[in-house]
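J.: Take this structure first; my questions come after.
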Ligand code: 5GP
Ligand code: ZN
């Protein structure tokens, strides 16, 4: 999609701070980190949210989660990390290209705010 920020990252029309890449996914650092590690993992395919990605391709959804795991390992998050898909505006989704947040490097509270 031509006006989608994360599609522009995938196409490198705008170059994010990339930490890892796979066949179907791209991982880069969030511009406004909420934890010492805050990486976003996006599918190269433009879909609005995780559910749409699962419907389109279970393989691409698995690729996304595995790249998140690789990014967490790369940052040395041996004590754990949190994966979040905000889905819809009420849940806090602001960019409508599916993305998996990888958060770590500090203790996480539950439930989140
Ligand atoms: P959402 O609120 O949709 O779940 O997450 C969107 C995320 O994208 C936010 O954490 C926000 O900080 C991040 N973000 C927004 N604009 C940019 C940008 O230009 N570059 C990067 N790297 N992250 C961005
Ligand atoms: Zn997009």
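J.: Cβ-Cβ below 6 Å, separation at least six or inter-chain, first residue in region 77-105 and farther than 17 Å from residue 61 by Cα and without any contact (Cβ under 8 Å) to a residue 24 or more places away in the chain, second assigned to a loop (DSSP other than H, G, I, E, B) and within 12 Å of ligand 1 (Cβ to nearest atom): which pairs?
T.: 92/86
J.: Which ones in region 84-105 are more than 16 Å from ligand 2 (Cβ to nearest atom), under 18 Å from residue 24 (Cα atoms) and touching a helix residue (DSSP H, G or I) at 6+ places or on another chain (Cβ under 8 Å)?
T.: 102 - this is the single residue of region 84-105 that is more than 16 Å from ligand 2 (Cβ to nearest atom), under 18 Å from residue 24 (Cα atoms) and touching a helix residue (DSSP H, G or I) at 6+ places or on another chain (Cβ under 8 Å).
J.: Would a scan of region 45-64 turn up a residue that is in contact (Cβ under 8 Å) with a residue 40 or more places away in the chain, away from ligand 2 (no atom under 16 Å from the Cβ), surrounded by fewer than 18 Cβ atoms within 10 Å (Cβ to Cβ) and at negative phi?
T.: The answer is no, given that none of the residues of region 45-64 is in contact (Cβ under 8 Å) with a residue 40 or more places away in the chain, away from ligand 2 (no atom under 16 Å from the Cβ), surrounded by fewer than 18 Cβ atoms within 10 Å (Cβ to Cβ) and at negative phi.
J.: Still on this structure: Within region 1-82, which strands (runs of 3 or more DSSP E) (wholly inside it) include 1 or more residues that are under 12 Å from residue 101 (Cα atoms) and at pLDDT 95 or above?
T.: Of the strands (runs of 3 or more DSSP E) lying wholly inside region 1-82, those with at least 1 residues that are under 12 Å from residue 101 (Cα atoms) and at pLDDT 95 or above span 25-29, 37-43.
J.: So residue 29 fits all but one of (1) out of contact with any strand residue (DSSP E or B) (no Cβ under 8 Å at 6 or more places or on another chain); (2) free of Cβ contacts under 8 Å to residues at least 40 places away in the same chain; (3) more than 16 Å from ligand 2 (Cβ to nearest atom); what number is the exception?
T.: (1)
The values are calculated or read from the model by the stated rules, or taken from the named source; none is laboratory data. Quantities reported herein were computed from a predicted structural model and do not represent experimental measurements. Don't worry about glycine lacking a Cβ; one is built from the backbone with ideal geometry, like all the others, and counts go over all protein chains shown.
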